[in-house]
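I have placed the structure first, in the form of structure tokens, so that the comments after it can refer back to it.
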Amino acid sequence: MKKQNVLSLFSIANLTQTPAFVFLTAVFLCGAVAGSLTGVISTSRGVELSFSLPSEPNTALLLIGSLLWLAGALAAGLLPPGGLFISAVVAARAFVLSFSVAALLGEPALETVWMSLKTFGLQAVVTVPCLLVTASAAFCASIDKPRGMRFGYWYALGKYRSAVLLCFALAGCSTLLRLLP
């Protein structure tokens, strides 16, 4: 009897040990370095960036913002060179996240720490690993998709559906972290 390679909710480790996960983590780190250098250089040259926290954040917009990066990684897998576009989504997320934090360096110290934790940090602790796992699943599915099938990518992605659904649920729940007082 042939053993099926099915990923369950408790075996995400199989996906995180793929070369795609290692590659996407390296791409994420490159995007983070580029974003932080750009943010520091822009603030040191006198470019003023102002950040303010809304008094009442819109929960629906925060939820969409949390899930959009994951959906972008899945959608990027549909394009012909899937790995290239998935890598671009991961690098863009890292760039935006680190640029935003680096741009806050011009603010007073205690305000900077609290503002970056409240707006980016706490939620990023959950959403960044979810993005890397989802992007790895999309990367593997774009490589393993059967040729000639109309929905071959979605068929190949089905092998990782539990991990992807868990990541979407965790990223959605992380929206609550941004609603902390």
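The values are calculated or read from the model by the stated rules, or taken from the named source; none is laboratory data. Since this is a predicted model, take the numbers as computed values, not measurements. Only protein heavy atoms, including side chains, enter the accessible area calculation; ligands, DNA and RNA are left aside. Shrake-Rupley method; radii C 1.70, N 1.55, O 1.52, S 1.80 Å.
For the reader, a short list of remarks on this structure follows.
- Here the Karplus relation 6.51 cos²θ - 1.76 cosθ + 1.60, evaluated at θ = phi - 60°, turns the backbone of segment 129-138 into coupling constants of x, 5, 5, 5, 5, 5, 5, 5, 5, 5 Hz, with x for every Gly and Pro.
- Of the solvent-accessible surface of segment 55-155, computed with a 1.4 Å probe over protein heavy atoms with every protein chain present, carbon and sulfur atoms account for 74 percent.
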